[in-house]
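Here's the structure we're looking at; comments come further down.
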Amino acid sequence: MALAALVWAGVTLGLRLLYAGSVLPGTQVAGIGLGGLSEAEARVRLEQVDPANRVVTVAYDGRRMRVRGRDVGYRLDAAATTKRAMDAGRSGPMGGLWSGVFSLWSPRDVQPVYVLASRRGGVVLDQIARRVERRSFVGGLSTDPDSLRVRVAPPRRGRALDRARTAAAIVAGLREGRGAIVAPVTRAPPGVGRGDVDLVARRARRYLTAPLELSVAGGPVSVSPRQLAPVLAVEPRGPRPVSRVRLGVDGKRLASLVGRIAARRDREPVEARIVAAADPVILDQKLDLSWRARRAQVRVMPGRTGRRVQRRGAIDAVAAAIRAGRHAAEVPVRPAAPKVPTRSARKVTSLIGTFTTHFPCCAPRVKNITLIAKAVNGTVIPPRGQFALNREAGKRTRADGYVPAPFISDGKLVPSVGGGVSQFSTTTYNAAYFAGLDIDSHQPHSEYIDRYPPGREATLNYPTIDLKWTNDTDAPVLVRTASTATSVTVTLYGANGGRRVRARSGPRQPLPGRDFAVTVTREVVYPGGRRIRQPYTTSYDKPPG
């Protein structure tokens, strides 16, 4: 007996020495033998049973979708599984003496460690559901447009993916190496029978025996049975699961029908038209200057309020009539006021601001100045509205007639389609400046150009550099423009209460390494004596060369 124990201990000790740092013999994971392998070798061998590389096909109703283990985040934890294999036979009573020797004759199975990323699995389940699921169908109607014969589409059960069972089946299939599984689904009964839908069809046939008369502004509208036929539908009543149906409407088709009717009954508003001279005075001083609004000859051509059929309200009214079996409905209409109504336009009585700038004749830039002036001419900015020159003039393109002309970019003159329109921007800036309106944003040129008032000018580039000002008066502002071969004028008409505006230019201050800086102060005197001083300093670079 003592000899047997001694032999057993010797064998055990020999095994431990022989397999130090290796998996004990007889150890296997999912049928893969690992005995005698180092930890690194065992991890390589375990790739054979990693479900991340396996594929299972999910099938249902003739449709198939291949799912890889990595798609659902299902994989073998090789590190944890290898550690289990290394520890196998080295624990238990007497430090695994018995199990270590016994493994020479009997294999030892180690359970693999798997990891599942539930978030990735949810994405795959969503993809499967889109292919498998089908909502229950309570039935439908189809009508022949000529004979008005109504046919019935019977109710149909729906189906929903059993996500928990599907996920479990995918995991089991990947783990066990099964090639395909059938997606488990649950059935969703429609909740109504063929007889319920037949009753709705009979009501549809009765409804189509007469037109639907609509009471709407501009005169009544008769909607014929042929027009109504595509709109009629089987409509569920109450929350799901549905237990009752009624005669109702197809929402998209009804919206289309109402849209066509509304288009014939809508009437666009007509804006009041303000008529005034384009260049009644010339104001072009570059330095100190004073200005105040003056009475002007302004004519107003009256506008007109339009109307808008309320689409949502009309849809609801028609749907309610069909559901109730009525053949009359009232369509709601609202007035559509013009942006510039006649009463507001008649407040425009004064020339509130104007300015003219000059240029040499016949250069390509002159064409661009003329085009942008025409684009802006006649613009009306309502009270509290904002003027944005880029929005009003649009992008300058060859298709619109603009031509290449010099443009300052990074201190250099380069050709640019629409070059030269900064002259119009500067002219508009000064007109708004002397009208006493709020200047929201403008950007002076980087270099001083002597045809412009120093410190009182604005460059322009679509869409990055804009000139914006706000009409902060109670009357609309009409923008009139005029151009000649050597000048462009911008004139603003409105009613600013007689504001007085004075511009005072300070001395030019030399700038080291640059050209000069100048501060121009605008003083606005409002009716009642309130004064606002607004100094603005502009710094210029030296021109190239």
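Probe of 1.4 angstrom, ligands and nucleic acids ignored: what's the accessible area per residue over region 301-408, in square angstrom?
50 Å²
Share of antiparallel DSSP beta bridges in the chain, in percent to the nearest 5?
90 percent
Pairing the Cα long axis of helix 194-207 with the longest principal axis of the chain, what angle in degrees results, from 0 to 90 and rounded to the nearest 10?
Between helix and principal axis, roughly 20 degrees.
If you line up the long axis of helix 364-376 against the longest principal axis of the chain, both from Cα atoms, how many degrees apart are they, to the nearest 10?
So the helix axis and the longest Cα principal axis differ by about 90 degrees.
Which residues does a label at Arg343 reach in region 248-280, if reach means a backbone N under 15 Å from a point 7 Å past the Cα toward the Cβ?
So the set is 272.
Remind me, relative contact order of region 121-162 in percent, using alpha carbon pairs under 8 angstrom and six or more residues apart?
43 percent
For region 109-234, with every protein chain kept in place, what is the accessible area per residue (1.4 Å probe, Å²)?
Accessible area per residue: 54 Å².
If you work out P(r) over Cα pairs in 10 Å bins from 0, in percent from the coordinates, which of (1) 3, 17, 26, 26, 18, 8, 2, 0; (2) 3, 12, 12, 10, 8, 10, 13, 13, 9, 5, 3, 1, 0, 0; (3) 3, 15, 22, 21, 17, 12, 7, 3, 0, 0 do you get?
Checking each listed value against the structure points to (2).
Compute the acute angle (0 to 90°) between the alpha-carbon long axis of helix 118-132 and the principal axis of greatest extent of the alpha-carbon atoms of the chain; round to the nearest 10°.
80 degrees
From Cα pairs below 8 angstrom and at least 6 apart in sequence, can you work out the relative contact order of the chain, rounded to a whole percent?
About 10 percent, as a whole number.
Length gain on complete extension for the stretch Lys542 to Leu148, per 0.36 nm per residue less the alpha carbon to alpha carbon distance?
Going from the current span to full extension adds 133.6 nm.
Carbon and sulfur: what percent of the chain's accessible surface (1.4 Å probe)?
Within the chain, the accessible surface is 52 percent carbon and sulfur.
In percent, how large is the relative contact order of region 463-537, given Cα pairs closer than 8 Å and 6 or more residues apart?
Once normalised by length, the contact order is 20 percent.
Would you mind getting the accessible area per residue of region 467-545, heavy atoms of the protein chains only, 1.4 Å probe, in Å²?
Heavy-atom accessible area per residue stands at 47 Å².
Between Arg292 and Val414, what is the label-point separation in nm under the 7 Å Cα-to-beta-carbon projection?
Here the answer is 4.9 nm between the modelled labels.
The values are calculated or read from the model by the stated rules, or taken from the named source; none is laboratory data. Computed from a predicted structure; not experimentally measured. Neighbour counts are summed over all protein chains in view; Cβ atoms, including those assigned to glycine, are modelled from backbone coordinates with ideal geometry. Note: areas computed on protein heavy atoms with side chains; ligands, DNA, RNA excluded. Shrake-Rupley method; radii C 1.70, N 1.55, O 1.52, S 1.80 Å.
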